[in-house]
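Read the structure below first, then the notes.
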Amino acid sequence: MTIPAPELSDSDEYEPFAGPVGSGQSRSKVLARQVDLSGSRAADLRFEEAIFAAVLLRGTQWRGLNLVDARLQGCDLSNADWRQASFHRVEVTACNLTGINLSQAQMVGARFDRSKMLLAQFSQAKFTATEFHDCNLEQADFSGADLRHVVLARCNLCQARFFGAKLQGADLRGSDLSELGVTPLDLRGAIVDAAQVIQFAPLLGLVVR
């Protein structure tokens, strides 16, 4: 699977952005660098061709956020409430998403790299052409999410919850799946490696000797 990269213009075409934000606001070709937007509230924001670098977004309540062709690098999104967000060709690299709420989000062409995502909420989210690489997703909640053909490579998924999730074709190889919250039925069609099968032995009632 090839994940489409964000379609971004030359850097000199971007307008510096430091806020404020307001409900229904739509901005394009913006560059936010080392600004503090923590705790801001707005609904139905839209950013197209946007770069966020080392931006503080802690505790933001941006429900219905629409990100199109965006890159977030080194940002702090801890405890943000971005329920029902839409990501389309978005890259998230080396960010802190601890406790973020992205339930019911729609993600198409999203890529998460080397990011801290403990306790992140993805319940009922739908992922299309999406990949997670080297992310800490410990105790994350993917309950009821559509993860078909999603890649979760070398991620920490210890105690993550996948009850009722669609995992057909999801590639979990190389990830830590210990104490995963999942049923045998949920796992049907997921791709795992031989070493990971041992982690599922208690779930399947197997005794490995």
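Ligands, DNA and RNA aside, LYS29 has an accessible area near 60 Å² when probed at 1.4 Å. Restriction of the trypsin sites (Lys or Arg not before Pro) in segment 164-195 to DSSP coil positions whose beta-carbon has at most 12 other beta-carbons within 10 angstrom yields ARG188. The amide H of LYS166, built 1.01 Å from its N in the peptide plane, has ALA145, ASP146, LEU147 as neighbours under 5 Å, considering only residues 5 or more places off or on other chains. Largest accessible area first, the listed residues ILE198, ILE191, ILE51 line up as ILE198, ILE191, ILE51 when surface is computed with a 1.4 Å probe on the assembled protein chains.
The calculated FRET efficiency for the pair GLU7 and ASP44, based on their C-beta separation and a Förster distance of 30 Å, comes to about 0.85. Close amide H contacts of CYS135 (hydrogens built in the peptide plane, cut-off under 5 Å, sequence separation of 5 or more or a different chain): ARG114, SER115, CYS155, ASN156. Summary value for segment 1-149: 16 percent relative contact order, contacts being C-alpha pairs under 8 angstrom separated by 6+ residues. When ARG111, ARG63 are compared by accessible area at a 1.4 angstrom probe, the order from most to least is ARG63, ARG111.
Accessible surface of PHE163 in the full protein assembly, 1.4 angstrom probe, to the nearest 10 Å²? Solvent-accessible area, nearest 10 Å²: 100 Å². The mean accessible area for residues of the chain, using a 1.4 Å probe and ignoring ligands and nucleic acids, is 46 Å² per residue. Largest first, the three principal axis extents of the alpha carbons in segment 57-183 are 33, 21, 19 Å in whole numbers.
Listed values for segment 45-59 are Karplus-derived 3J(HN,Hα) couplings in whole Hz (6.51 cos²θ - 1.76 cosθ + 1.60, θ = phi - 60°), namely 6, 9, 10, 10, 6, 10, 10, 10, 10, 6, 8, 8, 10, 4, x, and x replaces Gly and Pro.
What a 1.4 Å probe finds exposed on the chain is 47% carbon and sulfur by accessible area, rounded to a whole percent.
If you sort LEU187, LEU65 by accessible surface, 1.4 Å probe, largest first, the order is LEU187, LEU65. Taking every protein chain into account, the 1.4 Å probe leaves SER86 with about 40 Å² of accessible area, to the nearest ten.
The values are calculated or read from the model by the stated rules, or taken from the named source; none is laboratory data. All values reported here derive from a predicted model rather than from experimental measurement. No Cβ is skipped: glycine too gets one built from the backbone with ideal geometry, and neighbour counts run over all protein chains shown. For the accessible areas, the whole protein counts, side chains as well, though only heavy atoms, and no ligand, DNA or RNA atoms are used. Shrake-Rupley method; radii C 1.70, N 1.55, O 1.52, S 1.80 Å.
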